[in-house]
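A.B. asks: Below is one structure. I have some questions about it.
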Amino acid sequence: VQLVESGGGLVQAGGSLRLSCAASGSRFSVNAMGWYRQAPGKQRELVATITSGGGSTNYAYSVKGRFTISRDNAKNTMYLQMNSLKPEDTAVYYCNTVLGTPDYWGQGTQVTVSS
């Protein structure tokens with residue numbers, strides 16, 4: 001599976017962005033997936049997860065109520081809708097399986113939130 005993230009950018013605090021994760025290969029729909037982020041000087045953290053069928057989601061406390069994860073298995077694509085963005089959300093965002101499969105890491109997409 002190859003994963004390509006897109007949709008990042010520069011936004012003011014309080015703004016919104018929608019990230020996309022496009023997957024190639026046939027394994028996407030059978031995997032529980034997640035969105036991760038890594039801020040400068042910090043470890044990569046898992047911020048949202050979704051089951052293979054999309055029926056269940058979970059969020060890190062820091063983003064709960066502001067971010068929404070979703071997926072469209074027919075399009076092999078996963079999304080992260082980010083609202084009420086804060087400067088502390090600034091990071092490179094990645095998608096991967098919930099296990100963080102080493103071979104699946106992509107380049108990520110940069111999200112920068114200005115105050």
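The values are calculated or read from the model by the stated rules, or taken from the named source; none is laboratory data. Small disclaimer: the values here were computed from a predicted structure and weren't measured. In this analysis, Cβ positions are derived from the backbone assuming ideal geometry, glycine residues included, and neighbour counts consider all displayed protein chains. Accessible surface is based on the protein model in full, side chains and every heavy atom, while ligands, DNA and RNA are left aside. Shrake-Rupley method; radii C 1.70, N 1.55, O 1.52, S 1.80 Å.
A.B. asks: Going by what's in this entry, would residue 97 be described as β-branched (Val, Ile, Thr) and under 19 Å from residue 6 (Cα atoms)? Give the derivation first.
C.D. replies: Numbers: β-branched (Val, Ile, Thr): yes; under 19 Å from residue 6 (Cα atoms): yes.
Spelling it out, residue 97 is indeed β-branched (Val, Ile, Thr) and under 19 Å from residue 6 (Cα atoms).
Results for (1) within 12 Å of residue 112 (Cα to Cα); (2) open to solvent by less than 50 Å² (accessible area, probe 1.4 Å); (3) hydroxyl-bearing (Ser, Thr, Tyr); (4) out of contact with any Cys (no Cβ under 6 Å at 6 or more places or on another chain), shown as yes or no for each residue.
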position: 7; (1), (2), (3), (4): yes, yes, no, yes
position: 15; (1), (2), (3), (4): yes, yes, no, yes
position: 19; (1), (2), (3), (4): no, yes, no, yes
position: 23; (1), (2), (3), (4): no, yes, no, yes
position: 46; (1), (2), (3), (4): no, no, no, yes
position: 56; (1), (2), (3), (4): no, no, yes, yes
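A.B. asks: Okay, next question. Tell me which residues, restricted to the range 9-22, are more than 10 Å from the chain's Cα centre (by Cα) and either within 14 Å of residue 107 (Cβ to Cβ) or at pLDDT below 95 (or both).
C.D. replies: Taking the range 9-22 first, the residues more than 10 Å from the chain's Cα centre (by Cα) are 9-17, 22.
The one that is more than 10 Å from the chain's Cα centre (by Cα) and either within 14 Å of residue 107 (Cβ to Cβ) or at pLDDT below 95 (or both): 22.
A.B. asks: Now for a separate question. Run down 84, 62 and say which single residue is on the phi < 0 side of the Ramachandran plot, open to solvent by 30 Å² or more (accessible area, probe 1.4 Å) and modelled with pLDDT of 95 or more.
C.D. replies: Only one candidate passes the filter, namely 62.
A.B. asks: Right, something else. Give the residue, chosen from 16, 56, 6, 20, that is of a type in the set (Ser, Thr, Tyr) and free of Cβ contacts under 8 Å to residues at least 40 places away in the same chain.
C.D. replies: None of the other options fit; the residue is 56.
A.B. asks: Quick check: is even one residue across the range 43-64 in contact with a strand residue (DSSP E or B) (Cβ under 9 Å, 6 or more places away or on another chain), among the charged types (D, E, K, R) and closer than 16 Å to residue 101 by Cβ?
C.D. replies: yes
A.B. asks: Does the range 98-108 contain at least one residue that is assigned to a strand (DSSP E or B) and either touching a residue at least 24 places away in the same chain (Cβ under 8 Å) or touching a strand residue (DSSP E or B) at 6+ places or on another chain (Cβ under 6 Å) (or both)?
C.D. replies: There is no residue in the range 98-108 that is assigned to a strand (DSSP E or B) and either touching a residue at least 24 places away in the same chain (Cβ under 8 Å) or touching a strand residue (DSSP E or B) at 6+ places or on another chain (Cβ under 6 Å) (or both).
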